[in-house]
Structure formats: C-alpha cells, structure tokens
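Below is one structure; the comments refer to it alone.
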Amino acid sequence: MNEFLTLLGDAEFWIAVLRIATPLIFGTLGVLLCERAGVLNLGIEGILVAGAFLGWLTVYSGGGLWLGVLVAAIAGGVLGALHALLVVRLPLSQHVAGLGITLFATSLSYFAYRVVFPKVDSPPKIEPFQPMEWLGLPILSAQTPLTLLAILLVPALWYVLTRTPLGLAIRAVGESPHAVEAQGINVMHLRTGAVVAGSALMGVAGSFLTLSAFNSFFFNMVNGRGWICVALIVFASWRPGKALLGALLFAFFDAAQLRLQQSGGGALPYQLYLMLPYVLSIVALVLVARKAAYPQALMQPYVKGSR
Amino acid sequence: MNALTLSHISKRFGELVANDDISLSLDKGEVLALLGENGAGKSTLMNILFGHYVADSGSISVFGDVLPPGDPRAAIARGLGMVHQHFTLADNLSVLDNVMLGTESITRMRTSRAEALARLRSLAERFGLQINADALVRSLAVGEKQRVEILKALYRGARILILDEPTSVLTPQEATQLFATLRQLVAEGLSIIFISHKLDEVLAISHRVAVLRSGKLVFEGPTQSATKSSLARAMIGRDVESSGESRADGRRAISEKPTLLIEKISAQGEDARISLHDVSLALRAGEIVAIAGVSGNGQSLLADVLFGVERPIAGHVQLNGEPVALNASAMVKAGVARVPEDRQHVGSVGDLSVWENAILPRVSDARFSNMGLLKSNAARGYTRELVSKFDVRLSSIEHPIRKLSGGNIQKLLLGRELSESPTLIVAAQPTWGLDVGAVSFIHEELSRAAARGAAVLLISEDLDEVFALADRIAVMSRGRLGKALPTGHWTLESLGLAMAGEPSEHAGADNHAA
Amino acid sequence: MRLESRTAVSRIAPLYSGIGAILFTLAVSGLLIFWANADVLSAYKAIFEGALGSRFAITETLTRATPLILTGLAAAIAFRARLFNIGAEGQLYMGAIAAVAASTLMMNEANELALPAPMAFAAMIAAGAAAGAALLLIPTLLKTRFKVDEVVTTLLLNFIALLFVSLLLDGPLKDPAAMGWPQSPTLPSELEFSKLLDRARVHTGLLMAIGLAILLWFVIRFTRFGLAMRAVGANEQAARFAGVGVNFTLIKVALISGALAGLAGVGEVAGRTGYVTLDMSPGYGYSGIVIAMLAGLNPIGVVFAAVFVGGTIVGADAMSRAVNVPTYIADVIVATALLAVLVAGLLTRYRVVWRNPKVPGGSR
C-alpha cells in the first residue's frame, strides 16, 4: 500500500501514464467517431498495426516524423474507406468485415516488413519524436508532441460534435439514419466520412507506437490495444471527455502494474500483473453495460428506402 | 394558384406497377386528401415527390417550376415538407437539434443555435404549436413528436405540407387539435396533402379527395360531392358490407367463471415504455373483450406480459382457475393463442422456412419432435394443412417466411394458434397494416373462435375494429386499465375521452366479474 | 451507387461470384508476390505443390487443417446463434493446457487420481473440451446476465488466457527438462492420438474433427436444439416470443463452441506437438472465424474451407523456402479471400446500380 502511495507522488509514474494513454486516446476517439455514426470498426487492431508500420517505414526511408504521422493517418483512412465500402455501401456484417480488415491489414504489414527487411535479426531503429522540453510544464514536458496533439483533439472533437452542423449530423446518423436521410443529407457519405476520419485517428494511434513510444517496428507490438479502445468507448458513453478519462484511467492501471511488477519482484507471477489491464477492461464493461446508451443504429446497415 | 402539379407519373418495380400515369394538382390554401389501401401506391408517389425514388416517366412542378427528379434537397428547398407516419427524429437529440438538423451547410464551423431557437419559438407561437425546445425527443409523447415534425417542416420554409396517416397515433381529441392546426396552416396560405385511409377524417378536413387503387388514380373530385360509401367503393373497387354492425350478437359468454383472470399486474418494461399499474381484468369464455387506447399507453407492455416475454413486478394471472407461469413456453403449453403486433419481427423468424415457423412454438410437442429430433415430415404435412385451411398464398413452405406478404404471414400465424383450439386468444393489433381482404378474414376467424367458446382479448388502436368485434371494451391510458363495459355503453366520444385519460364515470377499475 | 435486391437469384450466380472471388484473390496476392520480386506463376505453382503436390504435402495440409476444422466449427455454431465468439484462440490454449494438466495428474501413479490409460485418454479429452467451454461460458454469462457485448470480452479473454497459460508454464506445468524454456511436460505416449499414416504427422484428430463436423451439421438441421439455435441467431426477439429459452440456448451454444475450440487444443497437443508452448497456435482461433465465414457457417463447408486455409499456409511455407517470398503471404491470401467472398456472396443477392436511371423524356 505504501508503495502505491509513493507511486502517486512520483512524476516518472505520471509521465508513464500519459505515454501509455496517448495511443488509447487517439484510438478511442477514432472508435467514437465511427460508432457515433453507427459503424462498429473492429478493423482498429489491424489499422494500428498498419499505422505503426507505415509511419515507421516513412521515417526510416528518410521522411520526416510528421510525414510519418501523416502517412499513418492516410493508411488508416484508406483502410477505413475499405471498411466503409463493405459495411456502409454494402450491408455486410460489421463484425466480420472489421475482423477481415484487421487480418488483412496486419498480415499485409507483416508481409511488407519482411519484403523490405528479409533478413534482419534486430528491428532497424529510427530517431523518434523528442520530449517537449521547451514547454516547461511538469509531466507534459516529458511527452512528445503527439501526446499534446491527442489531448488537444479531445476538446476539438467535442466542439465538432456538439457545436457544428456536421457534428449534429454525425450524432443523428448513428441514432436514426432515416432522420438524416429525410433532411436530404446523404447517409452513405456521412457515415463513410466519419469512418474514414475515425480510422485515420486509429492510424495515428499506431504511428505513436513506432515514432514516439518505441523507435522501431516489431511484430505483435499492438497487442490488443485496439480491442481495448473498443471496450473503452462503452465505458466513455461515446463522449470525448469521458474517452480521455477512460484512457487515462486504463493507462493508470497499466502503468501501476508495470511498476509493481518491477518493484514487487517475485511476490506474484508477472503474468498476473500483465493480465490486470485486460481484466479491468472487462470489469469496466460489466459495470457500465446495464446503462450503456449505445447509439441506436450502431451495427445496423442502412439500405435506402427500407425501414 | 397552382402549388403543385404531378403530371403522368409512372413507376414500376419489376413486375409491379406502383404508379400508373398519375396526374394530380394541388392549389394554394387547399387540403387534398389522398386515399388508398396499403399498397395502392401512395407512398411510392410521395417518395417520387420527395426525390427518394425517380419516376420512370412523368414530371413534377412546384409553384410553376419543374422539380429535378431524384433530388431530396431540391424538393425541400422548393418548399415541400413531409410529416412521416413513422417519425424521422433522432431520439438522442433535443427538439432544437432535430429541427436544425440539415438546415445549415455541413461545412459551417459553428451552428447558430440562438437564431435558430428564436425562429423556432416564433413559428411555434404563430401556429400555436407549443413545445419545449431543449427537451430530448426521447422524452416526448407521441403527439408532441408529431408537433416537432410539423415544426421541422415549417422551419424549412415548407409551403406544401404532406402528412402521412397523421392521426394513426392520436386520440380522437388530439386529432381534433391537429385538424385545428391544419386549418390554421391553410389559412396562412399553406397547401396540404393529407394521406389517410380513414374516411371520416378525410370528409372532415379536406377540400378535395383523390383515391388511388393498385397504382391508378381512380377518383378525383371535391369532397362535398363525395360520400363515405362512394369513397370506400373507389378505394376497394367493390361494395363493402358495412362492417360496423357485424358484431355477432348471438354470441354470449357461455360461462360465468372467468377463463382469464388478470389480477393487479404491475410491470416495468426494460425500454422506455410506459409502465403498467395494477392492471386487472376478467375474461370469460365466448366473449371478445377489447382493450382500446392510444399507441404507447402500455398496451404493448400488457400484451408482452400476457405473451410471456415480459415479467411483471407484481400481480398474477389465472387461466381457467389455475395460476399460470408468465413465460412464453408455459403460455403455449397452457393453450393460449398469441398473436403479436409485429408479425414480421416478433411473430415469425424471417430467415427460417415457413414450416419451421409453423411449428416453432410447439416444437417440443410429440407431434413435431421425438427425443430432440425434428419430425420434419410430420411438420411439413401439418404446415400444408394450415396453409390450405387458412388460405395462405405461397409458392413453397421451404422458402423463408420473410418472402411472404404481411397478410399471408398473419394468416399463417393466426392459423398456427387457432388450429390448437385455444381457450384464450390474445391478439395485439391483429389487422394492423393489412389489406381489406385479410382484415375481414382475420375478423371472421376471431369471431368464430369466440363463438366456439374461446375467450378473446383484442388489443387494438383501431376503434372501428374495436366497435366491430368487441362485446366489452376497456380503455388503457398511461399504464392503467379502465373498467371493461359493454360495447353499447360506449360512444366514440366517451371512448376518446377515456383514451385521453380524462376522468369520467368509467374511472376506477374493478373489472372482476363485470 | 446503391443496391437493389435481386428479384430472383440465379442458380449459377454463386458459381460466378465464387470464381470472381478466387480471381480477385489471386490478382491481389499476385501483385504482392510480384512486388516481393518473385515470379508470380512459379510462386503459385510452388504454393500449389507445397499444399497438394505430394503425399507429404497433402498430409501436412491435412495436419494443419485439423485444428482449423475445429476452430472453424466453433465459430460457425456460435455465429449461427449470433454469439460472436472471437475467443477461440484462448479457448484452444485452455484446452491444450487442460489436457496436459489432466494427463499429468492421471498418469502419475503416485496420485490418487491415477487412471488406466484408456480412461485417462477420455478424461484428457473431456478436460480439454471442458476448459475451452468454461472460458467461453464467462463472456456468455456476462452477455445473458449483464448484457455485456461478447465481442470485446472474448477478444480480451484471449490475452488473459494466453497469460494464464504462460503463468502455468512458468510454474506448476513447467517441464524441468526443457532447459528454462516455457514448455509443458510431454504427454505420455499412451495418450497421444495415433497416426493415420506412416511417415506423416496427420493423426486421428482429423477423423474426430470431420466426425464432429458431420454431427454438427446433423444437429443444426435435424434437431430441436438446432432449430432453436437458428431461431435465436436469426431473430432473438421472435425466438423468445415463440417460447425458445434464448439464454439457455446461448449457453448451450457457448459450451459446444468453446468445447470445439478446446478440442482443437487437445488435438494439437495429443496429435502433433506432445507438449504446450506459447507459440503452438499461429492464430488458429482467429483463422477459424475466417473459415466459418468462407463456409457460410455450414459445418460441412467448414471442412473444405479449413483444408483451403491449411493448404494455403503449408503451401506458402514451401513457396517461401523455394522462391523467397515471406510466409505472411498466406495470411494475406486468406484475408483477401474472406473479403472477396463476403462481397461476392452479397452480390448474388443484390445488384449494384451505379446511378439513378434518368427520367426518359419527361412529360410527353
């Protein structure tokens, strides 16, 4: 217990929390955009892999770091467009198409990595984003600009959703596509746009892993983070502010288990600590499940002219 | 002045001619009633008008200008506004948000909520449509939602308002209020197309009537020159026996002991539906008791309780003097025939074959399975019998049931229940959305079942149906059930007042052995 | 662009769409092979020969297909009832580790639970099936009791299950002879599945998998439970109205689905590896979902789809050695095939209309 208290006073710990939270913030906001528009995007796990790989490959091939982030966002957007083609244009099962996208994006990234680097033992490294020392703020100064971007995105997305005509249309289309169609707004275009934008954010989440958290690409580095974002959005009731809170809370437990694992030593098997974040995600889902206000049209394909 | 002209509109869907060379016009300040059975082509015509479908031939002009086909935005911009029967509102948004949706360019960086609110308030004031702009649509009553729909259209500058079956969700009193609003709109120079199949309403509100049948315009003329029976004849294409007095007067309750005894049932649906409070009712063999009420006053929850799909929080139900467990399979075993409101999504499993649907509730019967194995030949034979006995039109009992029309699904579901000689029949909106032929078939079957000695509980929002069939009528309002009184005791007016929840001499429920 | 429902589905439409899906898949993977600087035709030839070109190739393909049939069946039956079990990977590992745990308990003569080999064999299989079923029971109960969406919970349980197995391999089920590798003790040879052929790894697990596929096909089509399950999957509300015990049906489906995935793990341990490691499954659980979808959730189709996927993996391995294209091409082929088959299947039911037909002439 004492150990836990010292943890809370340790700046290093909070730095880790924010670092762990960053990809989850991007990812959860991405899921939020998709689901507010009524589309479940289980392609997220694969989009994270593709974003991580392509962002890193861009920088490795001599592009700038921000170019890498842009490429990751575009890759996410393209995969999102594919998902939208399958489930918005065509009324395919959102579960299955999403898993298909994940499998496709993951295997394609691994394949491409092996084509480009047929025989490397240790993954090639790049020079990642540096902490923003110039900021002069505690904890935040130790983060890279992507973390700042993630945090700034939260109010930005909130503004778009609640204060612009576009956001109003997105909130409406996930609840009642008929209401949107009746106003002459194209449901397909709106949903496609939201899925592409949300998937682009997922791509950026992936690029954070290779361009900021680590400095190279390796297999299995995403490790279920995408699925955790899908769980977090339920916890966050599809609201940007709560999404930030959820991501931070999750990162808090993840950072705590990492620390306890190191300091707690052999008292408990390390696997128990590693399980903790996944178990907590499930517990969070159970806690909010009863009153979760899912967007009413989530996972329901919209075929024009039908009810 | 001519507000709207439809010239020679035709539209085919494969084999089906939905609209066949229809020409219509609407003057400024006029109410045109558009009459027709389900499937007569009314909604196709309106979908073409609003650019959701493109006509195969023909053209539309609004205030003298040709309307570009297939362009919903153009239709709205030219002043067309639609109030759908099934509201197109997003429940998670406020009234103001719903009104504003789609009115501002999607690329604008911020919404002008303050101006929008002011405009909405002034419109509401001008047309007497009171509404709380900040309320979530989810929390509104049906009549209020309809007001939001009308305001939505007016906010968009609608000069021509089309209302699709607007009274189907209202009490007679609310309908009267709606008519007052419509008269005010017309006085302000708006034009209205009023789509309905209720003849009394049409005669009351419209200046001119147009009747569609099987895609063709079969009658058009001033309302004054039309009568109820001339319109009915035009709509159906033949004379109809006046159904108002067809109640089997020879039918009498054959037993004093109640078949169904509902005692102080209270229930709370998992969804936002209104809850039930202390609902009691006694139903004897051989009688039809109708529960009338405006949609959304707890009837569907009561039906679900009696169907065994919602558990009450208090109270109990006796069947033939024995307490019965309120779960679906126990109800089936106890010989209760259940006819749900939504035949496509609740009564049948669309993707299963016709024969699988025919046996599904009784699949555990020795007739249809043995040691867990389906007796599929016996099941098919049974289904074929049902199909011929209840006149279900289909090409194969192996096809998924969703390929059948609503009327044929309903006949099969009714047959599936009635062929078991039930002692109790619970039917919720059994004729909703069906054509006249299917409606009279179902009415006959229910009357005949009662004559055979079944107790029939008819839950219906269709007052014509209630008056036509019921021996006694009880009214449900805000989750409470009034006393079931003999049909002759009621007038349309007293029924309407009770449906609106007005206190009257019928209040205070004690339905035991009425 | 919009879709119109086809009024009549032609009998040969599925054939066209199937051929279209195959050609699309070959084209996409062909481009990738070309990019990897290999000759496309010889690469395809290498894949084909590697999968089916020799006795060895065929037996290897069937060995691969064995766990895939079982995870494919696990997904097919669950998806039929609209229980989205994406956790077959974890259930497979739980089945495998439970089989090893059961065998070490029962074959240890000092232990009071010791059983003669035939009974221990049955107990090992039962333990594996039960472990897989138990893992899926958790999210299913959370779904039926608390309405927790099972997609995310089954996904997350994969990670938890793998960590749990890892924990056991570091502790009570660590093989002391494995020089520090996280590896379980080897099964006694009496408990191994016997080989079907000499000089080949294909084992009786294949017969078990095919037998279960036929059994499942029969159950889905001809039993009361099968009808209830299909009703729940097609429309839960209508099934509940008809008196089908929806939650009970879902729980039964979960037990069967989890047990099938658990058996896939048992088959791998007792038929192929002999012990559990943390890399014994290259994603068989996830591939099972693809296989089930390729097969249109038909259990018999699952067998063929599993042979296709197994053959692709084995063939791609062989090709990788021959023409130096990364083996990940196998997963790309399978994923592309899945997406292509989904779209193709849809196009047999709908027709794509690219634009609204113009109004001819207007008024006459």
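Mean partner shielding of peptide A:164-177, defined as the number of other chain Cβ atoms within 10 Å of each residue Cβ, is 6. Given their separation in residues at 0.36 nm each and the Cα-Cα distance between them, B:GLN130 and B:GLU385 gain 86.2 nm when the chain is fully extended. The relative contact order of chain A, computed from alpha carbon pairs under 8 Å that lie at least 6 residues apart in sequence, is 35 percent. For a test of the definition: using alpha carbon positions, the gyration tensor, and the 1.5 limit on a/c, classify region A:87-150 as rounded, prolate or oblate. Verdict is oblate for region A:87-150.
When the Gaussian network model of chain C links Cα atoms closer than 10 Å, the mean-square fluctuations of C:GLY258, C:GLY283, C:GLY128 top out at C:GLY283. Put a dot 7 Å past the Cα of B:SER112, heading toward its Cβ, do the same for B:GLU444, and the two dots end up 6.2 nm apart. Please report the antiparallel percentage of DSSP beta bridges with both residues in the protein assembly as shown, rounded to the nearest 5. So the antiparallel bridges amount to about 60 percent of the total. Summarising the strand pairing of chain B, around 55 percent of its internal DSSP beta bridges are antiparallel. Candidates A:LEU57, A:PRO295, A:SER237 compared by Cα position along the dipole of chain A: farthest toward the positive end lies A:PRO295, with charges placed on Cβ. Based on the Kirkwood approach, the hydrodynamic radius assigned to chain A is 19.9 Å, with every pair of different Cα atoms included. Our compactness index for region B:346-420, the C-alpha radius of gyration over the empirical 2.2 N^0.38 Å, is 1.00. Taking a ≥ b ≥ c as the square roots of the Cα gyration tensor eigenvalues, chain C comes out oblate, since a/c reaches at least 1.5 and a/b does not exceed b/c. Residue ranges C:303-312, B:321-330, A:42-51, B:445-454 sort as A:42-51, C:303-312, B:445-454, B:321-330 when ordered by packing (mean number of other C-beta atoms within 10 Å per residue, highest first). Straight distance only, please: which lysines reach the Cα of A:LYS242 with their own Cα at less than 16 Å, same-chain residues fewer than 8 apart left out? Within the straight-line cut-off, A:LYS242 pairs with A:LYS291. Most fluctuating residue of A:LEU146, A:LEU276, A:LEU24 in a GNM of chain A with Cα springs under 10 Å: which is it? Among A:LEU146, A:LEU276, A:LEU24, the largest GNM mean-square fluctuation belongs to A:LEU276. Take every Cα pair under 8 Å whose residues are at least 6 apart in sequence, average their separation, divide by the length of region B:36-138, and the relative contact order is 23 percent. On the basis of the beta-carbon distance and an R0 of 30 Å, A:GLU133 and A:ARG163 show a calculated FRET efficiency of 0.30.
Compactness of the protein assembly as shown was expressed as the Cα radius of gyration divided by 2.2 N^0.38 Å, which yields 1.01.
Please compute P(r) over all alpha-carbon pairs of region B:2-243, binned at 5 Å starting from zero, and give each bin as a whole-number percent. Taking every Cα pair in region B:2-243, the percentages come to 1, 6, 14, 17, 19, 17, 13, 8, 4, 1, 0, 0, 0. Considering only alpha-carbon pairs that sit under 8 angstrom and 6 or more positions apart, the relative contact order computed for chain B is 15 percent. Beta bridges per DSSP, both residues in region B:2-243: antiparallel share near 55 percent. Legend: Rg and Dmax of region A:56-163, from Cα coordinates, 18.1, 52 Å.
Quote the charge dipole size of region B:4-150 about the Cα centre in Debye, to the nearest 20; the model charges only the Cβ of Lys and Arg (+1) and of Asp and Glu (-1).
520 debye
Taking the Cα centre of chain A as reference, the dipole from Cβ charges on Lys and Arg (+1) and Asp and Glu (-1) amounts to some 840 debye. Is the C-alpha gyration tensor of region B:414-454 telling us rounded, prolate or oblate? Criteria: a/c under 1.5 is rounded; beyond that, a/b larger than b/c is prolate, otherwise oblate. Prolate shape, in that a/c is at least 1.5 and a/b is the bigger ratio. Panel note: the C-alpha atoms of chain B, placed on their principal axes, show extents of 68, 52, 51 Å (largest first).
Averaged over the residues of peptide C:223-232, the number of Cβ atoms from other protein chains lying within 10 Å of each residue's Cβ is 5.
Every number in this text was worked out from the coordinates using simple rules, so none of it is lab data. Fair warning: this is a prediction, and the values are worked out from it, not measured in the lab. So basically every Cβ, Gly included, is an ideal-geometry build from the backbone, and we count neighbours across all protein chains shown.
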